[in-house]
Structure formats: C-alpha cells, structure tokens
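The values are calculated or read from the model by the stated rules, or taken from the named source; none is laboratory data. What you are looking at is a predicted structure, and each value in this text was computed from that prediction instead of being measured. Here the Cβ positions follow ideal geometry from the backbone for every residue, glycine too, while neighbour counts run over all protein chains shown.
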Amino acid sequence: MSEPVKPVITFEDLNKIDIRCGTILSVDDVPRSDKVVQLTVDFGDFQRSILCGIKQERADLTGLVGRQALFVVNLAPKKISGVVSEGMLFDIGYADGIIPSALAQPEFPVPNGVRAG
C-alpha cells in the first residue's frame, strides 16, 4: 500500500486549495451512473452540490446525512452523468483501494464553512 510520494509542491500551490468543513444535508441518486451520488452540503454561508463515487461503497448512504466532512470548494464545476459537481469530498483510503473509504472529518463538531489548513 506504500505508494511513492507525489512531486513536491510549494506553499503557494497548497494555498490555492480551499478546503472547508461542511455538513451533508442529503445524498441523492444520480440515475445515469452506477458509481456516483449527489451530496448537498451546507457550508454555512452557501451550499454546494458535490458528486462522489461512493454509490456502491456503503449499504446505507443515508447514514452520511448530518455528518460533517472536509471538501474542496474551489474546484471548477464539472458535469458528471448529466449533473454538475461543485467540489470534491475528501476521503481516506479510496486511492489505496480501501472500500468503503473513510470520510475525512473533524474530531468534534465545528461551524460549517470553517477552513482546514
């Protein structure tokens, strides 16, 4: 499971990524996809629709509703299976084949929209 470390980036590169904590309000099916679900996420001052490929990872996706997690909120919008995604869910383990992957989430509840860094 030990993958090589990715190329070095600068702090300026890292500072371009806006990572925030949000609460998952809903998990909805994306009918044209076998893998993707649509999360509606509350970031305090705004909400985002974020698609993620976890449809087949968990038996009960509704268990994610009400949970806080970390998200990238400044990715360019991207249409997937006919639905626009406005960010990315941070998970732990998926890139290394761990299914289900774990949500990257705060140790204790924090206000929605709080930045990670």
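Take residues that are under 20 Å from ALA102 (Cβ atoms) and tell me which of the strands (runs of 3 or more DSSP E) falling wholly in region 1-82 contain 2 or more.
Result: 19-29, 37-42, 47-52, 68-72.
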Study note, to complete from the structure: When every residue in region 27-55 that is of a type in the set (Gly, Ala, Ser) and surrounded by 15 or more Cβ atoms within 10 Å (Cβ to Cβ) is compared, the one modelled with the highest pLDDT is SER49
**Study point:** Selection status of THR10, of a type outside the set (A, V, I, L, M, F, W, C) and more than 17 Å from the chain's Cα centre (by Cα)
**Key:** yes
Point to revise | Meets criteria (without any contact (Cβ under 8 Å) to a residue 40 or more places away in the chain and in contact with a helix residue (DSSP H, G or I) (Cβ under 9 Å, 6 or more places away or on another chain)) for VAL27 | key: yes
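How many residues does region 60-77 hold that are without any contact (Cβ under 8 Å) to a residue 12 or more places away in the chain and either surrounded by 12 or more Cβ atoms within 10 Å (Cβ to Cβ) or charged (D, E, K, R) (or both)?
Result for region 60-77: 1.
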Practice item. Give the residues of region 83-96 that are in a strand (DSSP E or B) and either aromatic (Phe, Trp, Tyr) or in contact with a Cys (Cβ under 9 Å, 6 or more places away or on another chain) (or both), sorted by residue number. Key: SER85, MET88, LEU89, ASP91
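Going by the conditions given, is ALA116 loosely packed, with under 13 Cβ neighbours inside 10 Å and either farther than 22 Å from LEU14 by Cβ or touching a residue at least 60 places away in the same chain (Cβ under 8 Å) (or both)?
When the stated conditions are applied, ALA116 does not pass them.
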Check your understanding: Looking at PRO4, PRO77, which is the one that is over 14 Å from LEU89 (Cα atoms) and either touching a Pro at 6+ places or on another chain (Cβ under 8 Å) or not hydrophobic (A, V, I, L, M, F, W, C) (or both)?
Key -> PRO4
Point to revise | Selection count where residues are within 21 Å of GLY113 (Cα to Cα) and in contact with a Lys or Arg (Cβ under 6 Å, 6 or more places away or on another chain), scope region 34-70 | key: 2
